[in-house]
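Data block below; observations after.
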């Protein structure tokens, strides 16, 4: 199994300018806009007899927790990790669905696993800016726990996407009509409450490891770029957003429609920005012609330059970047106003209280219903 634990350090792991944009995932993970990423949340396992008995007896529960506390379950690292898990699940993991229309319509991010990771990664970074200010060692423990849970979730989702399904479990038009979806847009996982679990094949370990390496580079690239931009100013922050979130569309120039292209019925022009890392290894040894060839190859991610007939879509990009910069600044400042005690409200060590005070920490909307920044 891939070791998803990433050691946190205050020193830059990778220079931000190494990543002009996010690393693109390889084709098996990109389902494309016509086939949205499907994430089926597993059913909670039934409670054991022992768990039910503990919940019935407060005295037995206290004795049980005291014994486990003596074994380290109530240590500072364990408590911080449990709090970080709640913060990740409640604040970060669902942001793609919560702002689905904005990411899809304003940012032009398709319904793929890659889009979910990019959006979630952005909010993990915003949350990290506040966790750094917690007193030592709480700050480092919370950040380490947050990153651990983020990448454990990423690995689990990668395995779910890549593992082959048995033929009997593939959806049919008839079952699709009667299936209640858990959410729309980015996540269209079917509700399996009335279906018995089906055993599926194992995902290829080599491919899982490669994907985890790519996503680690994306995490480091966005984090370092946004850290630097947060200090340098809004123009730098807008550039970091354009490269790491919006796919650096138009980096090689904007292609405008011509008479020949508008009248031709051939395939539309395609071009994307290439990241010197991740899937593109030994980038410096590539000839310019090879790089141009890669730029015109569709990787299936759905994030690429607009076609000549869509050139007018670039007009709203400055406004989109203004909205995102304002949103990021606003959320960083809002989280900074919470006291350390409010942020660590669930750090009492008592099981079941990890989620205290999380509701008021949740991210606000990027824009209001009228399209203006909130």
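No lab work stands behind these numbers, since they all come straight from the coordinates. Not measured: the values here are computed from a predicted model. Please note: Cβ atoms are built from the backbone with ideal geometry, for glycine as well, and neighbour counts cover all protein chains shown.
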Taking the Cα-to-Cβ direction at residue 364 and at residue 334 and moving 7 Å from each Cα, how far apart do the two end points lie in nm?
0.5
Residue order, fewest to most surrounding Cβ atoms within 10 angstrom, among 49, 125
49, 125
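Which FRET efficiency, nearest 0.05, do residue 66 and residue 207 yield, Cβ-Cβ r, R0 45 Å?
0.50
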Only counting other Cβ atoms within 10 Å, I'd like 76, 48 sorted with the fewest neighbours first.
48, 76
What list do you get for 119, 214 if you sort them by fewest beta carbons within 10 Å?
214, 119
Residue separation times 0.36 nm, minus the C-alpha to C-alpha distance between residue 353 and residue 252: what's the value?
31.2 nm
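Between rounded, prolate and oblate, where does the stretch 78-143 land on the alpha carbon gyration tensor, with a ≥ b ≥ c its root eigenvalues, rounded for a/c under 1.5, else prolate if a/b exceeds b/c?
prolate
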What is the extension gain from residue 49 to residue 75, computed as 0.36 nm multiplied by their sequence separation minus the C-alpha to C-alpha distance, in nm to one decimal?
6.7 nm
